[in-house]
Structures are given as C-alpha cells and as structure tokens.
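Visitor: So that we are looking at the same thing, I have put the structure below in structure tokens.
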Amino acid sequence: MAILPIETEREGTNEILRARSEEVKDILAPEIRQFIRDMHDTLANTDNGIGLAAPQVGKNLRIFVVAPALGLNQTVFINPVITKVSEGKESMEEGCLSVPGLYGQTPRANSLKLEAYNERGRKFKMKADGLIAQLVQHEIGHLDGALFTDIAERLTEVKKK
Ligand SMILES: [Zn+2]
C-alpha cells in the first residue's frame, strides 16, 4: 500500500487525512484482517516508521498498527479510546510518514490509559507513557483528522539526500 502525503502539488490537501475515521463494525471480516496485514507490511517497509494509521493508506477506519520491534503486547489497535490522560505534558521530537521531511517538538500528555480491540476482536486495556504515550496520541490524532504539525511548537525541515 502507498502511504499518502498530506499535500501534493497536483492534488493539494489530502481530505482522507483530514477526516474523522469511522469505527470498525466487523473486526473479524476477512477484508479487515487482510487490510491489517497489509498495514503491517507497509509499516515494515518504511525507513523509521513505528506506527501507521488507516487514513494514511487511504481508509477512514479507526485502526492503527505499531512496529513489533517496540515490544508491546499488542500491535493492532482497533476502535481505540483514551480513557485517561495525565496533566503533565512533555515535548518530544516527532515526525510523520504522511508529512515527509518535517520534524517538530510536539507537546503531548506524558502518560495515558487506553482501551482498544485487537485483531482477534478482543478488548484490551493498556497503560502507556513516554514514547508509547506520544505514539498513541499521534496515531489516534490521525483517526480524528489531526496531524502533529497542528500542535508542534516549531518545525524543522530535513531534506532527503
Ligand atoms: Zn503520522
């Protein structure tokens, strides 16, 4: 699958990346299972990507996947809901596969709790802090049409050689 950029010169802003995604109703449907496998493959083929949300590959569904290398118990998050966020915020460097070449210091809650369903349709709860909390907020942002560039404090452009 191709990862869509937020802007192209020819087509302007990508509306899928700016829309609110819909809940997945039938998690075990064969096309959802295949879509999740394709998302994992697509993420694995990126240079440094650690998370990928469905709108980034053209579908407004509430799904994101994270890299198995992070060592989390779950790598697929379907219909995720943040149930608690810390008041404390931390600003960390962030980038996005849909915004190639831009990085920025992005303030995020430094810990949170969430609930989601995995690819087997089982509900799970997770506590996250640091990098994982940042990642979860970034990915759930995608499901609501938000990008890190909306809240980043300053952006730096890194040109690809
Ligand atoms: Zn992103």
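A short reminder: the numbers here are calculations on the coordinates, not readings from a lab. Keep in mind the model is a prediction, meaning the values are calculated, not measured. In this analysis, Cβ positions are derived from the backbone assuming ideal geometry, glycine residues included, and neighbour counts consider all displayed protein chains.
Visitor: Given that compact globular proteins tend to follow 2.2 N^0.38 Å, what is the ratio of the alpha-carbon Rg of segment 7-157 to that value?
Guide: So the Cα radius of gyration is 1.00 times the expected 2.2 N^0.38 Å.
Visitor: Distance between Cα centroids, segment 126-161 to segment 62-114: provide it in whole Å.
Guide: What the calculation gives is 6 Å, centre to centre.
Visitor: In debye to the nearest 20, how big a dipole does segment 7-157 give about its Cα centre with +1 on each Lys and Arg Cβ and -1 on each Asp and Glu Cβ?
Guide: Details: 18 positive and 23 negative charges, 162 e Å.
Dipole size: approximately 780 debye.
Visitor: Evaluate the relative contact order of segment 7-157 (contact order divided by residue number), counting alpha-carbon pairs under 8 angstrom at least 6 apart; express in whole percent.
Guide: 25 percent
Visitor: For each pair in 127/159; 59/125; 89/127, compute the distance between the two Cα atoms and list the pairs where it is over 27 Å.
Guide: 127/159
Visitor: Determine the relative contact order of segment 77-161: mean sequence separation of Cα pairs under 8 Å and six or more apart, normalised by residue count, in whole percent. Please list the in-between numbers first.
Guide: On the way: 147 pairs, mean separation 27.4, N = 85.
For segment 77-161, the relative contact order is 32 percent.
Visitor: Next question. Over all alpha-carbon pairs of segment 89-161, lay out the pair-distance distribution in 5 Å bins, whole %, shortest bin first.
Guide: 3, 15, 23, 22, 16, 10, 6, 3, 1
Visitor: Taking 0.36 nm per residue of sequence separation and subtracting the Cα-Cα distance, how much length would be gained by fully extending the chain between residue 82 and residue 20, in nm to one decimal?
Guide: Once the chain is fully extended between residue 82 and residue 20, it gains 20.7 nm.
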